[in-house]
Amino acid sequence: MKRSVYIAAILLVLFSCVKEDHFGLSPYGNIKKLLVSNQAGNAIIDTDKQTVTIEIPGGVELSSLVIQEMELSSFATADKTVGDVIDLSGEATINVVAEDGSAYVWTIESFVASATPQLNNADLNTWYKTSSGYYEPGTDAASTIWGTGNQGTQILGKIATTPYDLGNGNTAALMETYDLGLAGVPLKTPIAAGSLFTGYFDSDKLDPTDPEAAVIFGTPFTGRPDKIRFTYSYVPGATNKDREGNVLDYDDNCDVYVFLEVRLGGEIQRLGTAWFRSDVNQPEMITKEMDVVYGPLDNSYPDYMKPDDGNFVSGDSATYMLPTHISFVASSSYDGANFAGAVGSKLIIDDVEMVYDEE
């Protein structure tokens, strides 16, 4: 018991997150995150110029957008908050005051989104080095739409998702399922599966026994793709086991899936679903396409493809409604969130593409 408590205490200290270091009263007055209604992609935030640029779909009334999320520097305040209306028919301003009283005027502007958007860094060629020394997909932590579970697994000495050089300047994401060894014994977490997703990892919500507790899935998106295309390879590990170490009578599977969602008023409704789950040994990179199914899924689809709460956009609305968010998720072990999988399973993903029939 004492050993488990000691380990848990260490984990809590290591998992704690400092937002912005400072001594005395903080001088920081940054807007670190901004999301308004109907937003089509991550806001582009320039802290040097103190500007935020937001992508909005064509046809949206810009004068009455509502702030849905806003994150400021620690201890800073602003003259607008979540729930306030912001007029982006022209330039708008948000006044931010730092803890030490320093005042900053931020300029907020919008531009019209593409009707056939793609995901930023969808070719996974760009990776940045974190302060802990491992790499994450994107230019930097502030602007990337991609996340991994590395913030959790690196504490236990494993980096389960890494950049993979395919040659000729082409980089992909390699996800591997690792044995956590003695480090996983106290909390009954025998393996760590590599993962890649749109969204981010919130270390403040980290629970070593629940890998998805700290994962905030999804990024703003307003396209209606007909298919999702990507290239991949997959080699399942030799022995598939559950969390208790029991050998399972089926092989490990990779998982790649996409949810198009409508998030309004705190409610999430599934608009579109695309899913690929496979145990096939595929050591060479090949192209895969997943059809996007809009609206509710009938009984011909497996239950794992359906939301737990059954909350779909209604059939009629699903024929024309635009999503507000997209969640792209890939994992080297499909049941890795329950610490089940085969050590050594390897999934490589590259060149994620939204396919539109009209293109």
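Within the range 107-119, at least one residue is surrounded by 19 or more Cβ atoms within 10 Å (Cβ to Cβ) and of a type outside the set (A, V, I, L, M). Could you look through the range 264-277, keep only residues that are over 17 Å from G315 (Cα atoms) and either open to solvent by 30 Å² or more (accessible area, probe 1.4 Å) or charged (D, E, K, R) (or both), and pick out the one that is modelled with the lowest pLDDT? Once the filter is applied, the top-ranked residue is G265. Filtering the range 38-52 to residues that are within 16 Å of L88 (Cβ to Cβ), at pLDDT 95 or above and surrounded by fewer than 20 Cβ atoms within 10 Å (Cβ to Cβ) leaves only T51.
In the set (1) open to solvent by less than 40 Å² (accessible area, probe 1.4 Å); (2) at pLDDT 95 or above; (3) out of contact with any strand residue (DSSP E or B) (no Cβ under 8 Å at 6 or more places or on another chain), D100 fails one condition alone, (1). Taking the range 91-136 and the strands (runs of 3 or more DSSP E) fully enclosed by it, the elements with 3 or more residues that are of a type in the set (A, V, I, L, M) are at 92-97, 103-112. Go through the residues of the range 95-113 one by one and say whether even a single one is closer than 23 Å to T324 by Cα, hydrophobic (A, V, I, L, M, F, W, C) and in contact (Cβ under 8 Å) with a residue 60 or more places away in the chain. Within the range 95-113, one or more residues are closer than 23 Å to T324 by Cα, hydrophobic (A, V, I, L, M, F, W, C) and in contact (Cβ under 8 Å) with a residue 60 or more places away in the chain. Taken together, T171, T177 contain a single residue that is of a type in the set (S, T, N, Q) and either under 24 Å from M354 (Cβ atoms) or free of Cβ contacts under 8 Å to residues at least 12 places away in the same chain (or both), which is T171.
Rundown of residues vs (1) within 19 Å of the chain's Cα centre (by Cα); (2) not hydrophobic (A, V, I, L, M, F, W, C), yes/no style:
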residue: S233; (1), (2): no, yes
residue: N246; (1), (2): no, yes
residue: Y250; (1), (2): no, yes
residue: V256; (1), (2): yes, no
residue: F259; (1), (2): yes, no
residue: E267; (1), (2): yes, yes
residue: L271; (1), (2): yes, no
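Scan the range 127-136 for residues that are open to solvent by less than 60 Å² (accessible area, probe 1.4 Å) and either closer than 26 Å to P323 by Cα or in contact with a Ser or Thr (Cβ under 8 Å, 6 or more places away or on another chain) (or both) and the total you get is 4. Restricting attention to the range 233-285, the residues that are in contact (Cβ under 8 Å) with a residue 60 or more places away in the chain and out of contact with any Gly (no Cβ under 6 Å at 6 or more places or on another chain) total 24. The residue pairs whose first member lies in the range 309-323 and is under 16 Å from E267 (Cα atoms) and among the charged types (D, E, K, R), whose second member is surrounded by 14 or more Cβ atoms within 10 Å (Cβ to Cβ) and modelled with pLDDT of 90 or more, and whose beta carbons are closer than 9 Å, counting only pairs six or more residues apart or on different chains, are D309/I268.
Scanning the range 62-78 for residues that are over 16 Å from L35 (Cα atoms), surrounded by fewer than 19 Cβ atoms within 10 Å (Cβ to Cβ) and over 24 Å from the mean Cα position of the chain (by Cα) gives F75, T77.
The residues of the range 137-147 that are surrounded by 17 or more Cβ atoms within 10 Å (Cβ to Cβ) and part of a loop (DSSP other than H, G, I, E, B), listed by number, are G138, T144, I145.
From the list V313, V280, V292, V355, exactly one residue is farther than 25 Å from E176 by Cβ, hydrophobic (A, V, I, L, M, F, W, C) and surrounded by fewer than 17 Cβ atoms within 10 Å (Cβ to Cβ). Which is it?
V355
The values are calculated or read from the model by the stated rules, or taken from the named source; none is laboratory data. If you're wondering where the values come from, they're calculated on a predicted model, not measured in any experiment. In this analysis, Cβ positions are derived from the backbone assuming ideal geometry, glycine residues included, and neighbour counts consider all displayed protein chains. Calculation scope for accessible area: heavy atoms of the full protein, side chains included, ligands and nucleic acids excluded. Shrake-Rupley method; radii C 1.70, N 1.55, O 1.52, S 1.80 Å.
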